[in-house]
1. How long is the gain from GLN150 to LEU46 if the chain were fully straight, where each residue apart is worth 0.36 nm and the alpha carbon distance is subtracted?
2. Run down the aspartates and glutamates and flag those whose C-alpha is under 15 Å from the C-alpha of LYS60, throwing out any fewer than 8 positions away in its chain.
3. At 1.306 mPa s and 10 °C, plugging the Kirkwood radius over alpha-carbon pairs of the range 112-240 into Stokes-Einstein gives what diffusion coefficient in µm²/s?
4. Using only the alpha-carbon atoms, how far is helix 273-285 inclined from the longest principal axis of the chain? Give it as 0 to 90 degrees, nearest 10.
5. Can you sort SER76, SER259 by how many other beta carbons sit within 10 Å, fewest first?
6. Can you give me the Cα centroid spacing of the range 114-179 and the range 227-287 in angstrom?
7. Given the C-alpha atoms of the range 206-285, compute the convex hull and give its volume per residue in Å³.
8. State the label only: which of [x] 21.3; [y] 23.9; [z] 16.1 corresponds to mean projected area of the Cα convex hull in nm² computed from the shown model?
Amino acid sequence: MVRQHRRTAGGDRPPGNAGSNTAADHIAIIDAAIAAIPAKGRRNLLITIDGAGSSHAVVKHLRKRNARAGWSVAYSVGFDLDERARVAIGQMPAAGWEPALDAAGRACDDAAVAELTGLLREGADGDRLAGWPPDMRILVRREKIEEGRQLSLFEQINGYRYQLIATNTRGGQLQRLEARHRVHARVEGFIRCGKDTGLARWPSHSFAINTAWVTAVALAIDLLCWTRLLLLDGPLAKAEPATLRYRLLHAAARLVKRSRNLILRIPETWPWAQEFAAAVNRVRAIP
């Protein structure tokens, strides 16, 4: 997913045998994303990555950024459900679990969270997080099993699906730290948007033509994002590409010039005529 993002956003064209989701990929896209943020907004950051970014190199890189004078770089990274984690989960008392929070901040009936840091750092076998930063915390979320999920034998026996998170955030309510991490799942929506905007199909057998196609798709994705952010509100501000194409981009509208004034002509019967006109007016108001 990270390498595909680099190909789209930065024109990265690695050889066919190149690895994907490597530490170098993650570090490169993190640095590129930070560089794209206006300078005033770069000093207080939260980096969230799924389990593919759970590597010493990535965490070390984030710690170096956090150590810069005037910088605050918090990370929330997926962590492996390995043997040491399974042992710690088995040692967690029932009172150690707290209800997880949903997107609205309400307690969930079918999910709970706990912190494994103490069990991993101070167990009978010593520090089982040796080699990782000393300030790194490990959180775990468990959910009741749903049919159709691919689970490990450990999860099937316990009746729960587990997700682990590593973070360097010292304070904060445990439940909110876990809920904060799940915000990164929005990236799946952007991947879906990319496929619907052209990444799901390739126009040619020519590598050069397909490279140009990917560049055009990247531009289209950016334009759709800025359109939703700057020009739309309400449901259209979160609409999928297919919805925007039908309601706005394919509308039978024209801009005509009369007496040095631009006039928008759009059928009054078009259900989204007002939203279309508002978007055009916002474009014209941009300095």
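1. On the way: separation 104, 0.36 × 104 = 37.44 nm, distance 2.97 nm.
Going from the current span to full extension adds 34.5 nm.
2. Hits, sequence-local ones excluded: ASP25, ASP31, ASP135.
3. Working: Rh = 18.9 Å.
D = 84 µm²/s.
4. Helix 273-285 sits roughly 90 degrees off the main axis of the chain.
5. Numbers: SER76 22, SER259 5.
Listing SER76, SER259 from fewest to most nearby Cβ atoms yields SER259, SER76.
6. Taking the Cα centre of the range 227-287 as reference, the centre of the range 114-179 is 47 Å away.
7. Spelled out: Cα convex hull of the range 206-285, divided by residues, is 127 Å³.
8. Only one option fits the structure, namely [x].
No lab work stands behind these numbers, since they all come straight from the coordinates. All of these numbers come straight from a predicted model, not from anything done at the bench. Positions of Cβ are backbone-derived with ideal geometry, glycine not excepted, and every protein chain shown enters the neighbour counts.
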